[in-house]
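These notes are about the structure you will find just below.
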Amino acid sequence: MKKTKVVLPREHGGWAMISVPYIIGMMAAQPVLLHLPLFLAWLLLYLASYPLLQALRRGSKKRSWLKWGFGYAASAAAFLIPVVLLEPLLLGFAPVLLAFIMVHIWHVRRKAERALFNDICAILLFCTGGAAAYFLGGGRFDNGLTAVVLFNFLYFTGTVFFVKSVFRERKNRPYTYYSKIYHVVILAVPLLFGNPWLSLAYLFPLLRALKFSGTTMKPMKVGILEIVSAVQFLIVAVVIFLSV
């Protein structure tokens, strides 16, 4: 009997983007029990996005893609509804998420998913999950929420520049410089916001960019570097946010 293959996103970096901002947002405020169903809903919505977008891209197997997409989405709703009923103000993040999703759909329809603007909007979408986690943990629209969104956005935008510089834009020398200069600049941003210790979270990404941007690398090596970088960023950011 033929086994049904589970449909999962192929973009490995998405797993870090879905979890790291969320964990940082949760720890920057106060972890509560509702964070678990909200994260499961957030994760399932991410899983739903892959087959639904595939249905837009491809004519074949559209019915199968939609079946998986709506299945994930329905499961997400099952976890999300009780959270929203207990914390209805979370619905305020819905228009923001919808706007970023529409931008992504626009790029998918035009086969321009790799555009830098689309990548930036995707990062902001994932950072919104961190903002929701912060809000659910007792935070409000304050400096803490700004810090959660900003420092995650800076980090993951750096990963976009780096990954492009070793793959699609490897032969584009200016892009190599963009990657290196960007990582140098973001090192100073925490200083401007009065939290200089957060600069430590950007040191490894800076060293990675200076050594490898513009070079030829195997995908597995890039993946390992990205995992190490994401883990160290998460640990440093959580420790610093907890100590503030």
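The values are calculated or read from the model by the stated rules, or taken from the named source; none is laboratory data. Please read all numbers here as calculations on a predicted model, not as lab measurements. Backbone-built Cβ (ideal geometry, glycine too); neighbour counts: all protein chains shown. Ligands, DNA and RNA are excluded from the accessible area calculation, which covers all protein heavy atoms including side chains. Shrake-Rupley method; radii C 1.70, N 1.55, O 1.52, S 1.80 Å.
Order Arg110, Arg63, Arg57, Arg208, most accessible first, counting only protein heavy atoms with a 1.4 angstrom probe. Spell out each step's value before the answer.
On the way: Arg110 135, Arg63 210, Arg57 90, Arg208 5 Å².
The residues order as Arg63, Arg110, Arg57, Arg208, largest area first.
For every helix of n ≥ 4 consecutive DSSP H residues, a contribution of -39,500 (n - 2.57) applies; sum these over the chain, divide by its total residues, and give [θ] at 222 nm rounded to the nearest 500 deg cm²/dmol. Write out the running numbers ahead of the final one.
Working: 10 runs with 178 residues, N = 244.
Computed ellipticity for the chain at 222 nm equals -24500 deg cm²/dmol.
Restricting to Cα pairs below 8 Å that are 6+ residues apart, what does the relative contact order work out to for region 102-244? Please round to a whole percent. It would help to have the intermediate numbers written out before the result.
Details: 118 pairs, mean separation 26.6, N = 143.
RCO, region 102-244: 19 percent.
Rounded to a whole number of µm²/s, how large is the Stokes-Einstein D of region 179-237 at 37 °C and 0.692 mPa s, given Rh as the Kirkwood radius over C-alpha pairs?
Values: Rh = 12.1 Å.
Value of D from the Cα-based Kirkwood radius: 272 µm²/s.
Please report the net charge: other residues with Cβ closer than 14 Å to the Cβ of Lys164, K and R +1, D and E -1. Before the final figure, lay out the partial values.
Values: positive: Arg114, Arg168, Arg170, Lys171, Arg173, Lys180, Arg208; negative: Glu11, Glu113, Asp119, Glu169, Glu226.
Local charge sum for Lys164: +2.
Within region 177-196, name every residue whose backbone N is under 17 Å away from a label modeled 7 Å from Cα of Leu210 along the Cβ vector.
177-189
Hydropathy first: keep DSSP H helices in the chain averaging at least 1.0 on Kyte-Doolittle, then drop any whose Cα extent along the axis falls short of 24 Å, and list what survives.
Working: long enough: 35-57 (33 Å, 1.20); 62-86 (36 Å, 0.93); 116-136 (30 Å, 1.67); 143-166 (35 Å, 1.35); 219-243 (36 Å, 2.05).
Qualifying helices: 35-57, 116-136, 143-166, 219-243.
Using a probe of 1.4 angstrom, how much of the accessible area of the chain is carbon and sulfur, in percent? All intermediate terms of the calculation are to be shown ahead of the outcome.
Numbers: 9690 of 13550 Å².
Of all accessible area on the chain, carbon and sulfur atoms account for 71 percent.
If the cut-off is a Cα-Cα distance under 24 Å, which lysines reach Lys180, setting aside same-chain residues fewer than 8 apart in sequence?
The reachable lysines, counting only those whose Cα sits under 24 Å from Lys180, are Lys164, Lys171, Lys211, Lys218, Lys221.
Go through Asp142, Asp119 and list them by solvent-accessible area, largest first, probe radius 1.4 Å. Numbers along the way, then the final one.
Numbers: Asp142 60, Asp119 35 Å².
Of Asp142, Asp119, the descending order of accessible area is Asp142, Asp119.
Roughly how many Å is it from the Cα centre of region 10-68 to that of region 170-184, as a whole number?
Answer, in whole Å: 30.
What does the accessible area per residue of region 1-111 come to in Å², with a 1.4 Å probe and no ligands, DNA or RNA counted?
Details: 7080 Å² over 111 residues.
Value for region 1-111: 64 Å² per residue.
Size of the dipole of the chain about the Cα centre, Lys and Arg at +1 and Asp and Glu at -1 on the beta carbon, nothing else charged, in debye to 20? Please list the in-between numbers first.
Details: 25 positive and 7 negative charges, 342 e Å.
The dipole magnitude comes to about 1640 debye.
Translational D (Stokes-Einstein, µm²/s) of the chain at 37 °C and 0.692 mPa s when Rh comes from the Kirkwood sum over C-alpha pairs?
The calculation lands on 173 µm²/s.
Express the relative contact order of the chain as a whole percentage, based on alpha carbon pairs under 8 Å and six or more residues apart in sequence.
Details: 281 pairs, mean separation 56.5, N = 244.
Value for the chain: 23 percent.
Report the chymotrypsin sites (Phe, Trp or Tyr not before Pro) located in region 164-228 that are in a DSSP loop and have at most 14 other Cβ atoms inside 10 Å of their Cβ, or state none. Walk me through the intermediate numbers first.
Numbers: sites: Phe167, Tyr175, Tyr177, Tyr178, Tyr182, Phe193, Trp197, Tyr202, Phe212; in loops: Phe167, Phe193.
Of the chymotrypsin sites (Phe, Trp or Tyr not before Pro), the ones in loops of region 164-228 whose Cβ has at most 14 other Cβ atoms within 10 Å are Phe167, Phe193.
Return the single residue from Ser165, Ser199, Ser60 with maximal mean-square fluctuation; model: Gaussian network over the chain, springs between Cα atoms under 10 Å.
Looking only at Ser165, Ser199, Ser60, the largest GNM fluctuation is found for Ser60.
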